[in-house]
Every structure is written in structure tokens, then in C-alpha cells.
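The values are calculated or read from the model by the stated rules, or taken from the named source; none is laboratory data. On a predicted model such as this, the values are computed, not experimentally measured, just so you know. Backbone-built Cβ (ideal geometry, glycine too); neighbour counts: all protein chains shown. Surface areas here come from the heavy atoms of the whole protein model, side chains and all, with no ligands, DNA or RNA. Shrake-Rupley method; radii C 1.70, N 1.55, O 1.52, S 1.80 Å.
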Amino acid sequence: MSLPDITESYEHCVAITQARARNFYFAFLTLPKAGRDAICAVYAFCRLLDDIADGPMPRAQKQAAIAAARTDLSDALAGRARTPVYIALADAVRRYSISERHLLEVAQGVEQDLHVTRYRTFTELREYCYLVASSVGLACLEVFGYHSPEARDAAVDLGIAMQLTNVVRDVAEDAAENRIYLPQDDLNAFGVGEDEILAGRPTPALTRMLAFQGERAKEYYGRARALFKHLPRRSRPCPMVLFGVYRTLLEQIERNGYDVFTRRATLAKSRRAQIALALWIRGLLWKSPS
């Protein structure tokens, strides 16, 4: 059986992104086609890993599947890609000099979810956020292009800000899987017991602790703004839209009084499109501060 060609492979990755990346796809649309295709290939690889972790297989089988994904990645980068996702990804890696390290870091973070359900300190949580989010941002940064190595630090900060937003938003969903990402040190400092989270009881102490995490995320968003001045004008809107969508999600959580048990923050498709259009225009017109 013949392998898919590169065009078909990219189309496959774009279709995955359209179907699965609710908060990302509008941002990706702001890129030129070649860059958009490459970003979709990166996303499709990450989605493949996430689907393994979130699937119904026993943990040992999931670990074996992630190990197989690492092997498939290595084979693809050595010119032996066999499926559309890896064919497109290998081309994107070659075209944009994406580091294999960042793709392997994503796999490491996803695998960590199979056996780590608690984080003792924010330092530990930050490292997890780096693996599952910032490493993706660093891979995408090569597609965007950048003028200064300082862009890398800002890209890391944006990934951490976005993942912290996810952590706060998904407290109830994660608790249903007996998973608590909120640092144990912070729970103790605010007098929050794990039983409150696992039972879905939004106590005043828990609300204050979630608000603290929200403020922490805002600090990372603040530092991430430095990214935009280091990017070419044509690719700048993409991370600006990602920034805008996730920052708006955090603002919605805040307006909901950090009630993440009965009011899950979401953005309607029309609202995401509105944010994307506004920030796409702003990104093209935006001038770096002197």
C-alpha cells in the first residue's frame, strides 16, 4: 500500500485540528498556509499523544503506546514516516528546524499524567506546565520565526499561563478522575482539604485559593506579552489570538467568582471568532514599543 503524499498528510492534520482544537484553530487561521499546515502537524502529534492518555486502555498499554509514539517520531525524523501525522510532522520539522527535544517533552508530560495525580509545590506544577504547554509553544515558535532569543522565555511564560488557566478551569473535571493539579503547598496555605475538591464543595477558602492561582496566571500572561515584539508581523497574530482567547477564559472564570464546579467557563465559537478577528487586525497593525 502506498503512503499518503505530503499534501494529503497535511490535509489530514488540518482536519484533525479543525475537529478537535476548539480554542486553537481560529488562531492558526491567521498564519500563512505553510505555517498553518506546520502548526497543524504539531497539533495533530500532540492530539495523538493526548488521545492515548485519555483513552480507555490500561495504564501499561498507554505507556507502551506512548513509547511507540516516540519510536514513530524517531523513525519519521530519520525519513521512515509511515502515517499522515508523522509524514507531515517530519516535513514541518525539516522545513522549520523544530527541535525534536520539544516534541519529546510533550510526550514526557503526557506520560507523566499516567502516574502523577498530585503536585507538592508550584515548582513541580510549573515543570509539568512547561512539558505539556510551553514545549509546544517552543516548537511553534520556530514556525512563527523570531528576532531575539528572548522570545523563547516569553513563549515559555505564555504556555505556563495557558496551562494554569486550564488547571483552574478543569478542577472539577480533574477531581472526577482523582487528579488534583493545584499544588499541595497552596492547599495547605489556604486551609483547603482535598476532600473539598473531590466532593465539589466550593468553600470560601477554596475560592480564595483558586483566585490566587488566577493571579499567578495573570503574572505569566503579563510576562508573555513580551513575545509579540520579537515576532515577524505576519505571524504575530497567531500567539496574540491564543493569548486573547485564554486570557478571556480566565476573565470569565473570575467573573464567575471562581465557581469552577457548577459554571464551567467556555467561549462560544462566535466569541472565539470575534477575538481572533480583532487580534488578527491588531497583530498586523501592532508596533513594537520603542
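Pop out the carbon and sulfur fraction of the accessible area of segment 152-208 as a percent, whole number, probe 1.4 Å.
46 percent
For helix 84-96, report the angle its Cα long axis makes with the longest principal axis of the Cα atoms of the chain; keep it between 0 and 90° and round to the nearest 10°.
80 degrees
As I understand it, the value is the acute angle between the Cα axis of helix 33-54 and the longest principal axis of the Cα atoms of the chain; what does it come to in degrees, rounded to 10?
50 degrees
Report, in debye and to the nearest 20, how large the dipole of segment 1-62 comes out about its Cα centre when Lys and Arg carry +1 and Asp and Glu carry -1 on their Cβ.
260 debye
Helix-only estimate, please: 222 nm mean residue ellipticity of the chain, summing -39500 (n - 2.57) across DSSP H runs of length 4 or more and dividing by its residues, to the nearest 500.
So the calculated ellipticity at 222 nm is -21500 deg cm²/dmol.
Accessible area of F228, 1.4 Å probe, to the nearest 10 Å²?
10 Å²
Report ³J(HN,Hα) in whole Hz for each residue of segment 158-165, in order, from the Karplus equation J = 6.51 cos²θ - 1.76 cosθ + 1.60 where θ = phi - 60°; Gly and Pro get x.
Going residue by residue, I get 5, x, 5, 4, 5, 5, 4, 4 Hz, with x marking Gly and Pro.
If you average the C-alpha positions of segment 30-97 and of segment 190-244 separately, how far apart do those two centres end up, in angstrom?
27 Å
Give the aspartates and glutamates whose C-alpha is closer than 13 Å to that of K62, dropping any in the same chain fewer than 8 places away, or say none.
D50, D51, D54, E111, D113
Along the Cα→Cβ direction, 7 angstrom out, place labels at E8 and R263. What is the inter-label distance in nm?
Between E8 and R263, the simple spin-label model gives 5.0 nm.
Could you give me the ³J(HN,Hα) list for segment 99-112, computed from phi with Karplus coefficients 6.51, -1.76, 1.60 and θ = phi - 60°, whole Hz, x at Gly and Pro?
Per-residue couplings from phi come out as 6, 4, 3, 5, 5, 5, 5, 4, 4, 4, x, 5, 5, 4 Hz.
Return the unpartnered cysteines for the chain, using a Cβ-Cβ cut-off of under 4.7 Å.
Flagged as lacking a Cys partner: C46, C129, C140, C238.
Please compute the Kirkwood hydrodynamic radius of the chain from all pairs of different C-alpha atoms, in Å with one decimal. Each step should come with its number before you reach the end.
Numbers: mean 1/r = 0.0507 Å⁻¹.
The Cα-based Kirkwood calculation yields 19.7 Å.
Rounding to the nearest 10 and keeping the result within 0 to 90°, find how far the Cα-based axis of helix 135-144 lies from the longest principal axis of the chain.
40 degrees
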